[in-house]
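Throughout, read-outs are computed from the coordinates displayed, never taken from laboratory work. Here the structure is a predicted model, which is why all the values come from computation and not from measurement. Here the Cβ is made from the backbone with ideal geometry for all residues, glycine too, and neighbour counts use every protein chain on show.
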């Protein structure tokens with residue numbers, strides 16, 4: 001069963017707190033992605049991971065970092081969260097050039 | 001940097017209508033073109049793809065691609081209320097790993 005999971009689904013944090021978003025996939029896909037989605041802005045790429053410990057900045061990496069120590073897990077870390085990082089975060093995985101499978105999303109609110 | 005634009009931003013059609021959604025891109029070397037559909041509160045899900053110039057039909061959905069004019073489109077025949085969603089076009093960068101999404105077209109099909 002091809003599946004991408006995300007934890008947690010909902011999160012409320014105060015400005016300055018650290019945030020950890022976790023993503024897992026069971027398809028052995030090499031490539032994984034983190035996006036954020038805001039109304040009117042579409043999906044914006046934060047980071048892309050080509051495989052374990054092989055990560056690359058996307059279009060909006062400032063304020064974020066990632067970790068991928070196992071092929072099936074990809075984490076997004078916000079050090080000292082800011083209010084403008086309130087958003088819905090999606091993780092995705094795919095094979096090169098093929099469809100992306102998205103997780104259900106994490107709705108993050110930073111107060 | 002690949003630039004992907006969608007039109008229209010929003011579309012309201014009656015049930016049974018034929019609907020056309022448009023997407024333009026800026027890099028003629030792009031090879032992989034996708035449409036994703038995102039129902040409200042859900043994750044994006046791949047709908048259809050096309051990899052070479054021409055047309056591809058799957059049920060009520062048809063994709064057209066014209067690389068020379070940097071344009072591809074999605075056509076929905078006999079639109080249903082269940083088709084109401086945000087439609088995102090996506091173009092893979094020339095290395096085929098990075099995916100650039102348009103900002104989306106909100107489609108509303110009235111019963």
Problem - Antiparallel content of DSSP bridges confined to chain A, in %, to 5 - result: 90
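Could you work out the relative contact order of chain B? I mean the mean sequence separation of Cα pairs under 8 Å and 6+ apart, divided by the number of residues, in percent.
After rounding, I find 37 percent.
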Exercise for the section: Please work out the Cα center distance from segment A:49-73 to segment B:44-101, rounded to the nearest Å. Expected result: 27
Fill in the blank from the handout: Ranked on Cβ counts within 10 Å of their own Cβ, fewest leading, B:12, B:76 go B:12, B:76
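For Cα pairs less than 8 Å apart in space and 6+ apart in sequence, what is the mean separation divided by the residue count of segment A:68-111, i.e. the relative contact order in percent?
On the way: 43 pairs, mean separation 16.9, N = 44.
Relative CO of segment A:68-111 lands at 38 percent.
In the protein assembly as shown, what percentage of the DSSP-assigned beta bridges are antiparallel, given to the nearest 5? Provide the component values of the computation, followed by the final result.
On the way: 74 of 83 bridges.
Just about 90 percent of them are antiparallel.
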